[in-house]
Ligand code: T46
């Protein structure tokens with residue numbers, strides 16, 4: 001599955017902690033967009049899509065939340081509960097975000113500007129696309 005956890009270097013001293021992120025370094029792409037989610041309601045589940053090309057790194061900079069990932073064959077649940085690591089998600093991975101703590105702030109660094117045509121929002125269509133791509137590759 002096209003995802004990985006990235007453990008960020010921490011710069012800590014007696015004043016507290018600091019994490020620095022640079023494009024093409026800690027973040028494995030050029031950063032073209034930043035957005036964040038906060039005040040997410042209790043029991044809210046959001047996302048429900050995959051991206052054709054977009055790469056992203058999700059960081060829960062405060063609080064915690066969970067991410068459901070699905071590549072059309074396997075699923076994986078990831079808990080984001082620290083500002084010191086990020087979840088890289090590449091293309092062709094279905095994602096749903098859930099179990100947000102009330103104070104959660106989910107920061108997302110993205111490789112492209114917002115483009116609605118890059119979204120696959122229908123799960124059946126997503127699975128069909130994956131199967132078709134795999135068939136063409138073999
Ligand atoms: C993703 C997950 C992790 C914009 O106008 N610009 C933007 O850059 C974004 C991300 C959203 N929007 C607008 C579009 C919608 O009217 O904000 C509204 C909420 O976006 P959306 O329903 O797409 O949010 P999620 O939580 O379903 O998904 C978002 C990202 O869209 C998506 O790329 O991977 O977070």
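Rule-based calculations on the coordinates, nothing more; no lab input. Treat the numbers as computed from the prediction; the structure is a model and nothing was measured. Cβ placement follows ideal geometry from the backbone for every residue including glycine, while neighbour counts extend to all protein chains displayed.
Data overview
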| item | result |
| --- | --- |
| Cα gyration tensor, the range 9-52 - rounded (a/c under 1.5), prolate or oblate | oblate |
| Gaussian network model of the chain, Cα within-10 Å springs - most flexible of 13, 70, 81 | 13 |
| Candidates 116, 55, 96, ranked by Gaussian network fluctuation over the chain, Cα under 10 Å, top entry | 116 |
| Rg/Rh for the range 60-138, where both radii come from Cα atoms and Rh is the Kirkwood radius | 1.02 |
| Label-point gap, in nm, between residue 102 and residue 79 - each point 7 angstrom along Cα→Cβ | 2.0 nm |
| Among 17, 37, 97, residue whose mean-square fluctuation peaks in a GNM of the chain (springs only between Cα atoms under 10 Å) | 17 |
| Mean Cα-pair separation over length for the range 45-138, i.e. relative contact order, pairs under 8 Å, 6 or more apart, % | 40 percent |
| The range 5-138 - Kirkwood radius from inverse mean 1/r over Cα pairs (Å) | 15.9 Å |
| Shape category assigned to the range 23-86 from the gyration tensor of Cα positions, a/c cut at 1.5 | oblate |
